[in-house]
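See below for the structure under consideration.
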Amino acid sequence: DAHEFLNFLLNELVDILEKEAQAAKSDQETSSPPEKMVNGPKNAQANGSHKDPLVTWVHKNFQGILTNETRCLRCETVTARDETFFDLSLDIEQNSSITSCLKNFSSTETLNAEDKFFCDKCCR
């Protein structure tokens with residue numbers, strides 16, 4: 001059953017991440033600074049310093065950056081926003097290829113009604 005398999009994988013993933021966190025704590029005192037995440041948030045420490053989050057094998061294998069671009073229909077100003085992700089929600093139609101699903105995911109979409117954005121440049 002796919003549901004049971006997913007639960008098994010998630011439990012294994014939690015175990016691996018806990019072991020990595022314990023190993024990172026012990027290695028942090030004896031080795032060089034940990035690898036930094038690209039575009040990752042910085043966590044404030046009690047003494048005011050910042051600590052960069054560790055990059056695990058999950059980040060290395062599954063994390064990506066999605067860039068959303070929004071173009072104003074009036075002044076044509078393009079606003080880009082980068083977001084990190086671990087999975088993409090693709091609409092998969094029967095008898096379709098992965099290429100066509102990705103093409104559909106990244107296609108241009110005109111926003112209207114409640115989906116409209118406010119343009120910072122022309123204030124429309």
Phe118 under 17 Å from the mean Cα position of the chain (by Cα) and at pLDDT 80 or above = no
Would you point out which residue out of Asp82, Asp87 is at pLDDT 80 or above and surrounded by 10 or more Cβ atoms within 10 Å (Cβ to Cβ)?
-> Asp82
Take Ser100 and decide whether it is exposed (fewer than 11 other Cβ atoms within 10 Å of the Cβ) and either of a type in the set (Ser, Thr, Tyr) or more than 23 Å from the chain's Cα centre (by Cα) (or both).
-> no
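The rows are residues; the columns are (1) surrounded by 10 or more Cβ atoms within 10 Å (Cβ to Cβ); (2) at pLDDT 80 or above; (3) over 23 Å from Ser89 (Cβ atoms); (4) not acidic (Asp, Glu).
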position	(1), (2), (3), (4)
Ala2	no, no, no, yes
Leu13	yes, yes, no, yes
Ala21	yes, no, yes, yes
Asp27	yes, no, yes, no
Pro34	yes, no, yes, yes
Lys42	yes, no, yes, yes
Val58	yes, no, no, yes
Gly64	yes, yes, no, yes
Of the residues in the range 66-77, those that are surrounded by 10 or more Cβ atoms within 10 Å (Cβ to Cβ) and over 12 Å from the mean Cα position of the chain (by Cα) come to Thr70, Arg71, Cys72, Leu73, Arg74, Cys75, Glu76, Thr77
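The values are calculated or read from the model by the stated rules, or taken from the named source; none is laboratory data. In this text, all values refer to a predicted model and were calculated from it rather than measured experimentally. For neighbour counting, all protein chains shown are included, and Cβ atoms are generated from backbone atoms with ideal geometry for every residue, glycine included.
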